[in-house]
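Enquirer: Here it is: the structure, laid out below.
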Amino acid sequence: KSLELAANKYIARHENDPDFHGNFQTGGLASTALELLTGHKAEALSPEGSASLSLFGSNKEQTKEEVVINFLGTHEDKLDSTAIVFSAGVDPNTGLPIRKDSPVSAGAHEFVITNIDTKAGTVTFVNPWNTSKPITMDIDEFAKLPNLIETVDL
């Protein structure tokens, strides 16, 4: 009950903030919950947005996949001090993330990145609703998934 009261106060205090990411209790972004729990401001990266290109000091055109791969490379050693979550389309039959342009996508869901291994070329993540089943993917395949990547310092 205490956490619910704290969350409601946090939401009420931030509801007029244009950077507020929505009510996590009704399907908002994970960054809202992360900000509430850590007390730190979350950062959001839209791989398809032009603002994301400047994050890597590049002014050349990059594909969504290149933006995601560059992001992973710059965050590989930060997982001990940074929570990284991503939003992707979800296959309604398996609950696994899929590309947003997939014809079977049923909305979006957030997943938590638990390991980035650029040498092995893999990313491991979990569904926060069932963390007992980590999923490891090839970085190139993973790079096609995220609609949004959010980070918050722990």
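Enquirer: Applying the selection to the range 135-154, what residues are among the β-branched types (Val, Ile, Thr), in a strand (DSSP E or B) and under 16 Å from Lys119 (Cα atoms)? Even if it seems obvious, please write down each step before you answer.
Expert: Looking only at the range 135-154, we keep the residues that are among the β-branched types (Val, Ile, Thr), and these are 135-136, 139, 149, 151-152.
Those left that are additionally in a strand (DSSP E or B): 135-136, 149, 151-152.
Selection gives Thr136 alone.
Enquirer: In this structure, is Ile84 modelled with pLDDT of 90 or more and either over 17 Å from Pro128 (Cβ atoms) or in a loop (DSSP other than H, G, I, E, B) (or both)?
Expert: Values: modelled with pLDDT of 90 or more: yes; either over 17 Å from Pro128 (Cβ atoms) or in a loop (DSSP other than H, G, I, E, B) (or both): no.
No, not satisfied.
Enquirer: Let me ask you something else. Could you tell me which of the residues Glu61, Glu65, Glu35 is modelled with pLDDT of 65 or more, out of contact with any Ser or Thr (no Cβ under 9 Å at 6 or more places or on another chain) and assigned to a loop (DSSP other than H, G, I, E, B)? Don't jump to the end; show me each part of the working.
Expert: Details: Glu65 fails: assigned to a loop (DSSP other than H, G, I, E, B); Glu35 fails: assigned to a loop (DSSP other than H, G, I, E, B).
After applying the criteria, what remains is Glu61.
Enquirer: Let me ask something else about it. Taking the stated definitions as given, is Glu43 closer than 24 Å to Leu154 by Cβ, surrounded by fewer than 16 Cβ atoms within 10 Å (Cβ to Cβ), acidic (Asp, Glu) and at pLDDT 80 or above? Write out each step before concluding.
Expert: Numbers: closer than 24 Å to Leu154 by Cβ: yes; surrounded by fewer than 16 Cβ atoms within 10 Å (Cβ to Cβ): yes; acidic (Asp, Glu): yes; at pLDDT 80 or above: yes.
Considered against the rule, which asks whether it is closer than 24 Å to Leu154 by Cβ, surrounded by fewer than 16 Cβ atoms within 10 Å (Cβ to Cβ), acidic (Asp, Glu) and at pLDDT 80 or above, Glu43 comes out as yes.
Enquirer: Take Ser81 and decide whether it is surrounded by fewer than 21 Cβ atoms within 10 Å (Cβ to Cβ), in contact with a strand residue (DSSP E or B) (Cβ under 7 Å, 6 or more places away or on another chain) and either within 24 Å of Leu34 (Cα to Cα) or hydroxyl-bearing (Ser, Thr, Tyr) (or both).
Expert: Numbers: surrounded by fewer than 21 Cβ atoms within 10 Å (Cβ to Cβ): yes; in contact with a strand residue (DSSP E or B) (Cβ under 7 Å, 6 or more places away or on another chain): yes; either within 24 Å of Leu34 (Cα to Cα) or hydroxyl-bearing (Ser, Thr, Tyr) (or both): yes.
Spelling it out, Ser81 is indeed surrounded by fewer than 21 Cβ atoms within 10 Å (Cβ to Cβ), in contact with a strand residue (DSSP E or B) (Cβ under 7 Å, 6 or more places away or on another chain) and either within 24 Å of Leu34 (Cα to Cα) or hydroxyl-bearing (Ser, Thr, Tyr) (or both).
Enquirer: For Gly95, only one of the following conditions fails: (1) more than 15 Å from Phe111 (Cβ to Cβ); (2) touching a strand residue (DSSP E or B) at 6+ places or on another chain (Cβ under 8 Å); (3) at pLDDT below 90. What is its number?
Expert: Result: Gly95 passes all but (1).
The values are calculated or read from the model by the stated rules, or taken from the named source; none is laboratory data. Here the structure is a predicted model, which means the values were calculated and not measured. No Cβ is skipped: glycine too gets one built from the backbone with ideal geometry, and neighbour counts run over all protein chains shown.
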